[in-house]
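Working notes for the structure below.
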Amino acid sequence: MAEFLVDLKRTHDCGALRAGDAGKRAVLFGWVAARRDHGGCVFIDLRDRNGLTQIVFEPETNAAAHRQASELRREFCIGVAGTIRERGGHKNPKLPTGDIELAADTLTVFSVAETPPFELSDDTRSDEAIRLKHRYLDLRRPAIQKNFIARSQIYQTTRRYLADNRFLEIETPFMVKYTPGGARNFLVPSRLNPGQFYALAESPQIFKQLFMVAGMDRYFQIVRCFRDEDLRLDRQPEFTQIDLEMSFVTEEDVQNVVEGLMVNLWKDVLGIDIPRPFQRLTHADATGKYGSDKPDLRFDLPLCDLTEVVKKHDGGSVGLLQSAVNAPGGVVKGWRLPAAQAKGLSRADLDKLEEFAKGFGARGLARARLGEGGAWAQSPMKTMTDDLRKAINEAAGLGDGDLVFLQFGTKKLVNAVLGGLRLHLAVKLDLIPKDLWRFCWITDFPLFEASDEGKLVAAHHPFTSPHPADLERLESDPGSVRARAYDLVLNGNEIAGGSIRIHQSDVQARVFRALGLSDEEAQAKFGFLLEAFKFGPPPHGGIAAGVDRLAMLLCGADSLRDVIAFPKTQKGTDLMTDAPGPVARRQLDELHIALKE
RNA sequence: GGGGUGGUAGUUAAGCUUGGUUAUAACGCCGGCCUGUCACGCCGGAGGCCGCGGGUUCAAGUCCCGUCCACCCCGCCA
């Protein structure tokens with residue numbers, strides 16, 4: 001008797017067979033996706049990662065196999081052998097293999113399966129927690145498998161494209177020295193060095209710059225990074241980046257390489273041609289017009305700066321506006337929602353939006369609906385002078401039935417609220433066109449931003465090169481200095497970020513000083529890099545792109561978790577393995593760690 | 001650290017506003033029938049610590065307090 005795997009080798013996968021194969025013998029392996037037992041004959045939908053093939057067991061073909069088939073259940077792993085047959089009048093146009101079926105004469109059950117804990121269909125509505133607990137089953141779903149097939153293509157395309165462009169793939173350590181600043185690090189205790197810790201690398205930043213010092217010229221790596229920060233829909237504590245660095249380049253050179261990569265990815269994964277060059281927006285324009293440094297450009301609806309108008313009218317008798325524009329750095333901005341869209345919002349909806357605004361730390365959300373002759377209805381700012389109201393109507397281009405939202409305060413808050421509102425309502429009112437890929441480079445980021453304590457911190461990282469034209473203001477007006485940094489934004493998602501680095505030690509010293517870092521501190525934190533830069537560093541720059549986010553967008557997935565094989569929950573746990581978990585006291589002792597009582 | 005949503009058979013949900021007989025349905029599961037289904041169909045059946053702990057009450061899935069878990073957002077993510 002012929003034995004499966006030994007004599008009966010797999011001849012086709014479950015998505016391969018077509019009408020032209022009729023009459024051939026075939027051996028298929030896979031999982032039982034569905035069973036339809038008619039008593040007289042038994043149909044099995046056999047599934048593997050390539051598709052579904054209908055298997056039919058009939059008593060006249062092989063009575064024993066037919067009997068055996070009625071014992072099959074969902075998710076049994078089986079092998080079948082038989083003859084491929086055209087289905088005649090019973091074709092299934094919904095299946096690529098629907099013209100044929102395999103009339104099985106031989107069946108083996110490799111393993112049985114318990115009833116799955118959730119429905120394994122593509123459109124399963126089962127709670128994600130239970131699917132994560134049995135992730136290996138969730139990963140059997142064709143819709144999920146499709147994501148990982150696409151993700152694999154992303155790796156293939158990236159390696160081919162970057163190799164073609166003379167990049168070397170070189171690895172960097174995950175276990176590194178802790179350097180302060182930036183994301184919180186996961187720490188790894190050192191058994192051999194009591195009281196000492198490694199950090200898991202949040203990025204290969206410093207190492208890749210050292211590759212440039214070493215003359216590697218062009219480096220890339222598809223690399224895991226670790227950040228111990230709170231999770232989001234689009235943020236996991238360990239994530240993958242396409243990290244690259246190039247010597248003797250300007251920002252345009254780096255951007256060209258990345259644009260080429262994106263064009264190749266969209267072509268290979270989706271078969272879509274993305275036009276080049278990508279749009280470019282300065283950071284000032286992006287935050288000014290859209291209130292965000294990662295604007296979704298699939299729709300416009302820009303914000304409008306009303307600071308000067310309000311100033312000119314001295315607050316228009318509205319005390320809050322008056323004090324807002326008189327405060328240092330205070331701005332007033334508005335956002336117009338045209339009448340056609342605004343009519344979809346009831347008064348109760350607007351009240352809910354106020355709660356939404358408060359979520360960003362706003363004290364409220366002033367809004368008005370334009371009525372007859374530019375009058376404001378449903379507005380809390382009753383005391384506003386007609387002059388200011390008219391001036392705002394004109395500045396914001398307000399017409400009959402339009403809604404206008406006003407926000408005042410610090411630039412950061414105003415942009416967060418109105419930019420957030422713009423996005424929130426676009427989703428709610430379905431204003432975002434589908435199947436649109438709006439890539440955009442955000443350029444000219446500020447080099448520094450103010451920390452909570454009012455100190456300057458690096459907006460990107462401390463090795464980012466200042467804009468040469470702004471160098472002279474590094475000491476006198478550091479807040480105005482632009483960085484040679486750039487982000488690639490796609491449909492409102494930051495998918496890559498990078499910069500031209502500092503390679504002159506005098507400039508680096510001035511940046512450290514601006515950051516309030518003494519020579520000793522700089523030496524203690526980044527001494528090895530500064531030391532390396534004494535030995536002829538080339539001008540260089542690079543970028544890192546988030547593979548998980550790219551995969552999410554390319555797959556049309558709603559969540560990063562749908563494109564990561566074994567993702568963490570929002571609390572950073574793994575529901576399948578139950579990580580993180582406690583360890584024995586003995587292990588802690590070995591690591592020289594004492595638990596706080 | 002803050003705000004919000006949810007947790008009821010294996011799964012997905014209803015019931016909770018207004019406490020009151022045996023907690024309801026669909027899918028799945030088990031048994032029977034069925035030779036052309038493909039979300040097969042028909043008949044029958046089993047399946048529940050209503051997340052957990054406390055409280056109020058004659059009585060709690062339902063009201064109150066606490067807690068755990070999952071998800072979304074803000075802060076955070078150089």
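To keep it simple, each residue is scored yes or no on (1) hydrophobic (A, V, I, L, M, F, W, C); (2) within 16 Å of RNA strand B (Cβ to nearest atom); (3) in contact with an Asp or Glu (Cβ under 9 Å, 6 or more places away or on another chain).
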| site | (1), (2), (3) |
| --- | --- |
| A:ALA183 | yes, yes, yes |
| A:MET216 | yes, no, yes |
| A:LEU233 | yes, yes, yes |
| A:THR250 | no, no, no |
**Request:** Find the residue count for segment A:440-479, including only residues that are away from RNA strand B (no atom under 13 Å from the Cβ), farther than 23 Å from A:ASP243 by Cα and touching a Pro at 6+ places or on another chain (Cβ under 8 Å).
**Result:** 2
**Pairs with Cβ under 8 Å, 6+ apart, first in segment A:1-24 and on the phi < 0 side of the Ramachandran plot, second modelled with pLDDT under 95** = A:LEU8/A:ALA2
**Message:** Considering only segment A:334-343, I want to know if a residue exists there that is outside any helix (DSSP H, G or I) and touching a helix residue (DSSP H, G or I) at 6+ places or on another chain (Cβ under 6 Å).
**Reply:** yes
**Asked** Can you name the condition, by its number, that A:ALA129 falls short on among (1) under 28 Å from A:GLN504 (Cα atoms); (2) within 15 Å of RNA strand B (Cβ to nearest atom); (3) in a helix (DSSP H, G or I)?
**Response** (1)
**Prompt:** Can you tell me which residues in segment A:69-118 are within 7 Å of RNA strand B (Cβ to nearest atom), closer than 19 Å to A:ALA19 by Cβ and among the polar types (S, T, N, Q)?
**Reply:** A:ASN92
**Complete:** Taking segment A:127-166 and keeping residues among the aliphatic types (A, V, I, L, M), more than 12 Å from A:MET576 (Cβ to Cβ), surrounded by fewer than 18 Cβ atoms within 10 Å (Cβ to Cβ) and more than 20 Å from the chain's Cα centre (by Cα) leaves A:ALA163
**Asked** Quick check: anything in segment A:300-321 of a type in the set (S, T, N, Q) and part of a loop (DSSP other than H, G, I, E, B)?
**Response** no
**Asked** Within segment A:459-466, is even one residue under 26 Å from A:VAL263 (Cβ atoms), surrounded by 13 or more Cβ atoms within 10 Å (Cβ to Cβ) and either basic (Lys, Arg) or out of contact with any Asp or Glu (no Cβ under 7 Å at 6 or more places or on another chain) (or both)?
**Response** yes
**Request:** Please report, ordered by residue number, the strands (runs of 3 or more DSSP E) entirely within segment A:163-281 with at least 3 residues that are of a type in the set (Phe, Trp, Tyr) and touching a residue at least 12 places away in the same chain (Cβ under 8 Å).
**Result:** A:218-226
**Request:** Tell me, yes or no, whether segment A:48-56 has at least one residue that is in a strand (DSSP E or B), near RNA strand B (Cβ under 10 Å from one of its atoms) and under 25 Å from A:ASP558 (Cβ atoms).
**Result:** yes
**Asked** All but one of (1) buried (at least 18 other Cβ atoms within 10 Å of the Cβ); (2) under 29 Å from A:ALA557 (Cα atoms); (3) among the β-branched types (Val, Ile, Thr) hold for A:THR124; which doesn't?
**Response** (1)
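The values are calculated or read from the model by the stated rules, or taken from the named source; none is laboratory data. Please read all numbers here as calculations on a predicted model, not as lab measurements. For neighbour counting, all protein chains shown are included, and Cβ atoms are generated from backbone atoms with ideal geometry for every residue, glycine included.
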